[in-house]
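Colleague: Below: one structure in structure tokens.
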């Protein structure tokens, strides 16, 4: 179906102040959507209370309103402009909640404004924990045993029924705000009170905790003709129990069998098609039992998210830009792939590289903050690295963290011995990956670490490979270092400074650089082209590698 010509002006709702869990990824999405709609000759009016964004630049929209994100502000804008439709999916949870509030007060109907990119029923089904649970049961997608409580006493009663450990998940909150684990009855009262207070509708889901299960995310787009594409499948390095925004994540999924992937894919498509009558994007999260490959649905978000910003960068597929065009009536097969500019947007990206995202924390700025990671997101940003292998990408990401990490080496920091390290890594903390590497360097087995952390053995084996190369390097000086070993280290993401620190005997990163240059070991640049080099790419961006 071509563009809906009745939509001549669109109101985009921004995400407001930058908060943990909702930051500049929504600025990226809003900017993309604004440019996408203006390309189609549509007038774009934008509201955001945060002036420190690119989307509020006067060049980005036809009119920008720097107003509080309230129903009163929305009504003021609707009075001053002749607006045909509102797009709330680019402003995170803040924008969805505001759109729902305006709907309940009859504002959209009063001013004859259509909601595009999502519908109110979809917001309710996705964000109201009990409606989501009932809906999953109706369509036959498994969920964790749970009950919804609207009062403290109800929550306590359900907790006794379901049994510990539990997860408390408030309805209509962002970034896991107010959520938490309850391992025994001593922690229950505080967790229930916190969750009920955090939820704008005073409702929590009391759910069985699937601790140790693996966590996956799928990014989907759907058009008005019910075509659905999976843009990206992301695997969490950390198992269930750590908010996905605080997890190291990897794309494409590394440890997923084909049967489990097809089951997840089919369930996600079924959920997206059944969610509501709208065209746009969504993010679906699943947990997978590593023993049986049984899956359960955790949640669905009918909007662009932090993960879709990552997926856009990871795949080269501009999710927000395409989602905005789908919202105004286009179908996927009518739009061009923005990178190849010859194939259609109705395709699923193929990756011939590995993406690793590592979160960044600023606990030193938050004195007294608990640095244990859980259901409530605590990271204040993230770095993304691209490599030809997981090893290369994880090392590149660690080099970008701007702490003292030089690749996957946090030199001179850990004084703990083997047993202490194994105990330490049982609790998810910001530096767990560095401590896993320390434990492997001290001879702890992959099996022991996997059992202590719940992290899939495949990832631990890859880190073991990095440790093996490091131990080999330590046997040589810069003069005796074999060229084959240097090449192997560079392919596995070791930086020149990292190699210089590891080598036996004093040497500088310049000496390592000169040695590899003389041996002809130089970076090459490869394309992020969405199609694994199957078609010629017109607007690629590149990553460096030593393959």
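Colleague: When the Kirkwood hydrodynamic radius is evaluated over all pairs of different C-alpha atoms of region 194-328, what value in angstrom, to one decimal, is obtained?
Modeller: After inverting the mean inverse Cα-Cα distance, the result is 15.7 Å.
Colleague: Right, something else. Tell me, 255, 53, 197 in order of fewest to most beta-carbon neighbours within 10 Å?
Modeller: By the 10 Å Cβ count, ascending: 197, 255, 53.
Colleague: Evaluate E = 1/(1 + (r/R0)^6) for residue 225 and residue 514, where r is the Cβ-Cβ distance and R0 equals 51 Å; express this FRET efficiency to the nearest 0.05.
Modeller: It comes out at approximately 0.30.
Colleague: Work out how much length residue 79 to residue 488 would gain on full extension: take 0.36 nm times their residue separation and subtract the Cα-Cα distance, in nm to one decimal.
Modeller: That works out to 140.8 nm of additional length.
Colleague: Across region 78-183, what fraction of all alpha-carbon pairs, as a whole percent, falls in each successive 5 Å bin from zero upward?
Modeller: Once binned at 5 Å, the Cα pair distances of region 78-183 give 2, 10, 17, 18, 16, 13, 10, 7, 4, 2, 1.
Colleague: Could you sort 382-395, 129-142 so that the peptide with the highest average Cβ count within 10 Å comes first and the rest follow in order?
Modeller: Taking the mean over residues of other Cβ atoms within 10 Å, the ranking is 382-395, 129-142.
Colleague: What ranking do 321, 121 get, fewest neighbouring Cβ atoms within 10 angstrom at the top?
Modeller: With the fewest neighbours first, 321, 121 line up as 121, 321.
Colleague: Let me ask something else about it. Quick one: helix 185-198 against the long Cα principal axis of the chain, what's the angle to the nearest 10°, folded into 0 to 90?
Modeller: Relative to the chain, helix 185-198 is tipped by roughly 50 degrees.
Colleague: Would you mind estimating how fast region 145-208 diffuses translationally, via Stokes-Einstein at 10 °C and 1.306 mPa s with the Kirkwood radius over Cα pairs, in µm²/s? If you can, show how the numbers build up before the last one.
Modeller: Details: Rh = 11.0 Å.
Using the Kirkwood radius from Cα pairs, D works out to 145 µm²/s.
Colleague: Compute the distance in nm between two label points, each set 7 Å from the Cα along the Cα-to-Cβ direction, one at residue 189 and one at residue 457.
Modeller: 4.5 nm
Colleague: State the percent of C-alpha pairs, over all pairs in region 314-390, separated by a distance greater than 17 angstrom.
Modeller: Numbers: 1846 of 2926 pairs.
Tail of the P(r) past 17 Å holds 63 percent of the pairs.
Colleague: While we're on this one: Where the centre of each part is set by its Cα atoms, how far does region 1-61 sit from region 117-179, in angstrom?
Modeller: Result: 31 Å between the Cα centres.
Colleague: Report the residues of region 10-40 in range of a label on residue 70: point 7 Å along Cα→C-beta, backbone N strictly under 19 Å from it.
Modeller: 13-18
Colleague: What is the ratio of the Cα radius of gyration of the chain to 2.2 N^0.38 Å, where N is its residue count, to two decimals?
Modeller: Compactness ratio reported: 1.01.
Colleague: What is the extension gain from residue 360 to residue 121, computed as 0.36 nm multiplied by their sequence separation minus the C-alpha to C-alpha distance, in nm to one decimal?
Modeller: 82.5 nm
Colleague: Under the 0.36 nm per residue contour assumption, what length would be gained going from the current alpha-carbon distance of residue 150 and residue 24 to full extension?
Modeller: On the way: separation 126, 0.36 × 126 = 45.36 nm, distance 3.32 nm.
So the chain would gain 42.0 nm between residue 150 and residue 24.
Colleague: Return the Cα extents of region 9-116 along principal axes one, two and three, sorted largest first, each rounded to a whole Å.
Modeller: 32, 32, 20
Colleague: If each DSSP helix of 4+ residues adds -39,500 (n - 2.57) and the sum is divided by the residues in the chain, what number results at 222 nm, nearest 500 deg cm²/dmol? Could you put the intermediate results ahead of the total?
Modeller: Working: 19 runs with 202 residues, N = 547.
Roughly -11000 deg cm²/dmol at 222 nm, from the helical runs in the chain.
Colleague: Using only alpha carbons, build the gyration tensor for region 229-287 and give me the equivalent ellipsoid semi-axes, biggest first, whole Å.
Modeller: So the equivalent ellipsoid measures 22, 14, 10 Å along its semi-axes.
Colleague: Tell me the label-point distance for the pair residue 372, residue 6, using the 7 Å Cα-to-Cβ offset, in nm and rounded to one decimal.
Modeller: 5.5 nm
Colleague: Can you give the Rg to Rh ratio for region 396-547, taking only C-alpha atoms and Rh from Kirkwood?
Modeller: Here Rg/Rh amounts to 1.02.
Colleague: Also, I was wondering about something else. Quick one: angle between helix 24-39 and the longest Cα principal axis of the chain, in degrees between 0 and 90, rounded to 10, please.
Modeller: In the chain, helix 24-39 runs at an angle near 50 degrees to the longest axis.
Colleague: Further question: Kindly express, to the nearest 10 degrees and within the range 0 to 90, the angle between helix 152-162's C-alpha long axis and the longest C-alpha principal axis of the chain.
Modeller: Here the helix axis deviates by roughly 50 degrees.
Colleague: Could you grab the relative contact order for region 401-527? Cα pairs under 8 Å, six or more apart, rounded to a whole percent.
Modeller: Across region 401-527, relative contact order equals 20 percent.
Colleague: Based only on other Cβ atoms within 10 Å, what is the fewest-to-most ordering of 167, 229, 234?
Modeller: By the 10 Å Cβ count, ascending: 229, 234, 167.
Just so you know, all these numbers are worked out from the coordinates, no wet-lab data involved. Source: prediction; values computed, not measured. Methodologically, a virtual Cβ is constructed for each residue, glycine included, from the backbone with ideal geometry; neighbour enumeration extends over all protein chains shown.
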